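Beneath this line is the structure, given in structure tokens, with notes to follow.
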Amino acid sequence: MEEHASKPTRAWVLHPDVKNDRDRREAEVALEEAVSLAAALPHLEVVGSEIVPVRKPEPGTLFGKGKLEELAFRLSQAEVDLVLVDGHVTPVQQRNLEKQWKVKLLDRTGLILEIFSDRARTREGVLQVEMAALSYQRTRLVRAWTHLERQRGGLGFVGGPGETQIEADRRAIDDQLVRLRKQLAKVVKTRELHRASRAKVPFPIVALVGYTNAGKSTLFNRVTGADVFAKDMLFATLDPTMRGVSLPAPQGGTEREIILSDTVGFISNLPTQLVAAFRATLEEVLDADLIVHVRDIASPNSEEQADDVRDILTKLGVKENAPLLEVWNKIDLMEPGAHEAMRTRAAHHDNIFAISAHTGEGVEELLGAISGWFEEEKIAREVVLPFSEGRKRAWLFEEGVVEGETIEEDGYRLEVLWTPRQEKNFREI
């Protein structure tokens, strides 16, 4: 039994490249991310991965007959136990593919839920994952498959007790969802009490957000000295971790105390039900006095990842003009020329900082800026710009100083809240 439990599950990752998909992403990039997701799940050994061109998805099997047979042979030769499909797979498609290939199959949502289950640490995080998983599970129900042991704390998609009658399963799931909602209500109430007591402490909250694997936990550890699980692995952090931090004093003043919060990484095409499930967990971001958006600037997909983060922040209810600093992390992974160019570009913005959380380069400057952000007096101004001054308008939004905007016949009328330094820099554009 022990020998069986220690044997890794052999997994194969497929990215269906659907030609007419409106949300189609660059196939090579999507496959690389999917393999990283698979690597985040314990006891999996990714033995192969490939892009599968799909002209038109087949309703019953997703892939065409010829491709099905070709993949069946390859999976059999590689002795694959689990196929991970980077995309949505309907319950009917899942059942047919599992039957034809004689493997267990997970789609993107199922895989992310499994990872969330492994990473959840707080009671609320566990409950949120279970509720999201049950809602997903209700549409397809768990079938018998025991290649992975349940002891690792999974949800049952990759290992479960076996198939039961559909209606009985649904009733059981519905009953469990009712119980979980009641438990969650108690946990959320307790958390609100904790938050209310913390609100009495006159410390501002700074929330680290960013695409998964951007280096938030590494930065958090460097700043706080905390031993938060930081690894080159997607979804390394699930529940927010909060620590008190003393920031350096600007211009000889007293040290400033803040609460720093490390949150779960975001990811593209995160299923809507997961965003909803983790809204309560990510409410720390909504409560933050300052948001620090950490980006992996060395990634060729940094811009797309940043867009995904902004999109999810908007879905969470974070306002477009919320106070925000942007951190370009991992400059240590860039070539010397690109490294210096990135630092120079960042220096032209008051709210952008090029750093390496790994080596510590630029971190002190960032902390000084966070401290200064809370120290500096902010002045409300009204700025009127003609339509031709689009560059200045973009700069104001990039700096996060716009409180409101009205579009008039001859241009933009903006309400801004900025520091004297930001006003000076604006005038020099």
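The values are calculated or read from the model by the stated rules, or taken from the named source; none is laboratory data. Predicted model, so just to flag it, every value in this text is computed and none were measured. Cβ: placed from backbone, ideal geometry, glycine included. Neighbour counts: every protein chain shown.
For the reader, a short list of remarks on this structure follows.
- Pairs, first within 15 Å of Ser302 (Cβ to Cβ) in region 339-367, second assigned to a loop (DSSP other than H, G, I, E, B) and among the aliphatic types (A, V, I, L, M), C-beta under 8 Å, six or more apart: Met342/Ile297; Met342/Met334; Ala354/Ile297
Here's the yes/no breakdown for (1) among the hydroxyl-bearing types (Ser, Thr, Tyr); (2) touching a residue at least 60 places away in the same chain (Cβ under 8 Å):
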| site | (1), (2) |
| --- | --- |
| Ser36 | yes, yes |
| Gly48 | no, no |
| Val52 | no, no |
| Gly64 | no, no |
| Lys67 | no, no |
| Gly87 | no, yes |
| Val92 | no, no |
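- Only helices (runs of 4 or more DSSP H) whose full extent lies in region 175-288 are considered here, and the ones with at least 1 residues that are at pLDDT 75 or above and not aromatic (Phe, Trp, Tyr) are 216-224, 283-287.
- Scanning region 329-351 for residues that are closer than 29 Å to Trp418 by Cα, surrounded by fewer than 20 Cβ atoms within 10 Å (Cβ to Cβ) and among the hydrophobic types (A, V, I, L, M, F, W, C) turns up Ala341, Met342, Ala347.
- Selection status of Leu97, modelled with pLDDT under 95 and assigned to a helix (DSSP H, G or I): no
- Condition met for Leu113 (modelled with pLDDT of 95 or more and not acidic (Asp, Glu)): no
- Cβ-Cβ contacts under 7 Å between residues 6 or more apart (or on different chains), taken from a first residue in region 368-388 that is over 16 Å from Gln422 (Cα atoms) and not assigned by TED's automatic domain parsing to the domain that holds Ala207 to a second residue that is of a type outside the set (Val, Ile, Thr) and part of a helix (DSSP H, G or I), are listed as Leu385/Lys392; Leu385/Arg393.
- For region 352-364, taking the residues that are aliphatic (A, V, I, L, M) and part of a strand (DSSP E or B), the one that is farthest from Glu423 (Cα to Cα) is identified as Ala354.
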